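Participant: Encoded as C-alpha cells, here's the structure I'll be asking about.
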2 protein chains.
Amino acid sequence: MSRLNLTTQRKTILDLIQSCEDHPTAAEIMERLRTNGHQFAYGTVYNSLRYLTDAGLIRELKLGETACRYDGRTEDHYHIVCKKCGRVDEVLSAPPAEWIREVAAKTNYDVHHSQVVFEGVCNSCKHPNA
Amino acid sequence: MSRLNLTTQRKTILDLIQSCEDHPTAAEIMERLRTNGHQFAYGTVYNSLRYLTDAGLIRELKLGETACRYDGRTEDHYHIVCKKCGRVDEVLSAPPAEWIREVAAKTNYDVHHSQVVFEGVCNSCKHPNA
DNA sequence: ATAGTATTTAGACTTAGTATAAATTTAATT
DNA sequence: AATTAAATTTATACTAAGTCTAAATACTAT
C-alpha cells in the first residue's frame, strides 16, 4: 500500500459513500451508482471498496448481516442496530479503557481493536403511533 | 417455539457442539459428524443449528468471518480473535453497565444486547519462538 | 390403524463475494 | 510522440455459505 491511486471509479465510489447518511451494502452502492448514471463492473465495485477500506478512506462494517456495509466516517466509532426496522445508527462513545485493560489481562492477548454492535429498539420503533 | 423437540439429529449435533473446546463452523460440524460416523443431510445440519440456537441451547457467533461459528456455552460472554493465527478465545468480562447506559441515553435506543468481538494477538503468537 | 403434523432428505437455487484472463488506462522512458 | 511496463477495469466464470422446496419418512394423537 504505497501512495494513493484514486482512479475515476474509486473516486466516484468514495464520493458516493461520503455523501451517504446511511451505511449501504455493496449491492446498494451499485444500485445508487446506476441511479447516478454510472455503470461500473461488478468486480470493480468490490475491488474499489477493498482498496478504499485498505487505504483507510472508508470503513467496512460487519454488523452480523449477510452483507458488509460501508461507512464514510473514518473516526473510531461503533454501531447500534434496531431489531425492528433494521436501521443502523452511530455510537460515538468508546468502550472504557479500563474494561479493555481487564480483557487484555484476563485473556493474555494484546488487544488492538474491538468491534461492538449493539442491538435494541430505536426511538421511532419505541413509539410506533407517534 | 413451544416445547423442546430434540430429534436424534438435533441431539447428536447438540452433543457434538457441547463437547467442543473450540467454536466450529457449520462445515466443520458436518465434517466432525462424518468422522463420528454420522451422515446427516446438509439442510438438516443448518436446520438443527437454527433450532438449537432459537431454543437457546447453543449460541451462534458472528465474528466477522464469512461463516458463523457455534458455541456450546450459553452464558453471556464475548470473544477475542487472534489476527495472526485465527484462534478464538472466550472473554468473560461483560461491558460495564455504566457504558451501556450512556449508549442508550445518547442514541435513544432501548439497548437489549451487545455483540463484542475483540481483535488482537494471542499469547502464543506474541512469543513465537517459545 | 389412521390421519395430521413435524422433520429429514436430496438437490436446486440464491446471495455475496472472489478469481481470472483479456482489454483498457495510466505512468514512465526514451 | 512512440513504446514499453505496470496497474486497473471489464466481463464472466466460479466459490462459499446458506436457504428453499417437494417428496419421503418419522412422530403424535386420536
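Participant: Give the residues of region B:16-57 that are acidic (Asp, Glu), closer than 25 Å to B:TYR78 by Cβ and open to solvent by 70 Å² or more (accessible area, probe 1.4 Å), sorted by residue number. Break it down stepwise before answering.
Facilitator: Here is the first cut: in region B:16-57, the residues acidic (Asp, Glu) are B:21-22, B:28, B:31, B:54.
Filter again for closer than 25 Å to B:TYR78 by Cβ, leaving B:21-22, B:28, B:54.
Residues satisfying the conditions are B:GLU21, B:ASP54.
Participant: Please verify whether B:GLY56 is away from DNA strand C (no atom under 14 Å from the Cβ), over 11 Å from the mean Cα position of the chain (by Cα) and not assigned by TED's automatic domain parsing to the domain that holds B:PHE118, treating the condition exactly as stated. Steps first, answer last, please.
Facilitator: Working: away from DNA strand C (no atom under 14 Å from the Cβ): yes; over 11 Å from the mean Cα position of the chain (by Cα): yes; not assigned by TED's automatic domain parsing to the domain that holds B:PHE118: yes.
So B:GLY56 passes the test.
Conditions tested, residue by residue: (1) within 14 Å of the chain's Cα centre (by Cα); (2) within 21 Å of B:THR66 (Cα to Cα); (3) surrounded by 18 or more Cβ atoms within 10 Å (Cβ to Cβ).
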site	(1), (2), (3)
A:LEU61	yes, yes, yes
A:ASP71	yes, yes, yes
A:ASP76	yes, no, no
A:HIS79	yes, yes, yes
A:TYR109	no, no, yes
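Participant: While we're looking at this one, here's another question. Residues that are at pLDDT 95 or above, within 13 Å of chain A (Cβ to nearest Cβ) and away from DNA strand D (no atom under 12 Å from the Cβ): does region B:37-58 have at least one?
Facilitator: The answer is no, given that none of the residues of region B:37-58 is at pLDDT 95 or above, within 13 Å of chain A (Cβ to nearest Cβ) and away from DNA strand D (no atom under 12 Å from the Cβ).
Participant: Separate question: So, in region B:23-36, of the ones that are within 11 Å of DNA strand D (Cβ to nearest atom) and either more than 14 Å from B:ALA67 (Cβ to Cβ) or of a type in the set (A, V, I, L, M, F, W, C) (or both), which residue ends up farthest from the chain's Cα centre (by Cα)? Spell out how you get there, then give the answer.
Facilitator: First, pick out the residues of region B:23-36 that are within 11 Å of DNA strand D (Cβ to nearest atom): B:24-31.
Then keep just the ones that are either more than 14 Å from B:ALA67 (Cβ to Cβ) or of a type in the set (A, V, I, L, M, F, W, C) (or both); that gives B:26-27, B:29-30.
Values: B:ALA26: 11, B:ALA27: 14, B:ILE29: 12, B:MET30: 16 Å.
Within region B:23-36, the match that is farthest from the chain's Cα centre (by Cα) is B:MET30.
Participant: Output the residues belonging to region B:86-125 that are of a type outside the set (Gly, Ala, Ser), at the interface with chain A (Cβ under 7 Å from one of its Cβ atoms) and part of a strand (DSSP E or B).
Facilitator: B:ASP89, B:VAL91, B:ASP110, B:VAL111, B:HIS112, B:HIS113, B:GLN115, B:VAL116, B:VAL117, B:PHE118, B:GLU119, B:VAL121
Participant: Looking at B:PRO96 and the list (1) under 25 Å from A:ASP110 (Cβ atoms); (2) within 13 Å of DNA strand D (Cβ to nearest atom), which single condition is not satisfied?
Facilitator: For B:PRO96, the exception is condition (2).
Participant: Let me ask you something else. For region A:6-15, which residues satisfy the criterion of being more than 15 Å from the chain's Cα centre (by Cα) and open to solvent by less than 30 Å² (accessible area, probe 1.4 Å)?
Facilitator: A:THR12
Participant: So, in region B:1-34, of the ones that are of a type in the set (Ser, Thr, Tyr) and more than 10 Å from DNA strand C (Cβ to nearest atom), which residue ends up nearest to the other protein chains (Cβ to nearest Cβ)?
Facilitator: Quick first cut of region B:1-34, residues of a type in the set (Ser, Thr, Tyr) only: B:2, B:7-8, B:12, B:19, B:25.
Right, trim to more than 10 Å from DNA strand C (Cβ to nearest atom) and you get B:19, B:25.
Numbers: B:SER19: 23, B:THR25: 15 Å.
Applying the filter and picking the extreme gives B:THR25.
Participant: From the list A:GLU119, A:GLU98, exactly one residue is more than 21 Å from A:GLN18 (Cα to Cα), open to solvent by 20 Å² or more (accessible area, probe 1.4 Å) and either touching a Lys or Arg at 6+ places or on another chain (Cβ under 6 Å) or in contact (Cβ under 8 Å) with a residue 60 or more places away in the chain (or both). Which is it? Break it down into steps so the answer makes sense when it comes.
Facilitator: Working: A:GLU98 fails: either touching a Lys or Arg at 6+ places or on another chain (Cβ under 6 Å) or in contact (Cβ under 8 Å) with a residue 60 or more places away in the chain (or both).
Sole residue among the options that is more than 21 Å from A:GLN18 (Cα to Cα), open to solvent by 20 Å² or more (accessible area, probe 1.4 Å) and either touching a Lys or Arg at 6+ places or on another chain (Cβ under 6 Å) or in contact (Cβ under 8 Å) with a residue 60 or more places away in the chain (or both): A:GLU119.
The values are calculated or read from the model by the stated rules, or taken from the named source; none is laboratory data. Just so it is clear, the model here is predicted, and its values are computed rather than measured. Note that we place each Cβ from the backbone using ideal geometry, even for glycine, and neighbour counts take in every protein chain shown. Just the protein is used for accessible areas: all its heavy atoms, side chains included, with ligands, DNA and RNA removed. Shrake-Rupley method; radii C 1.70, N 1.55, O 1.52, S 1.80 Å.
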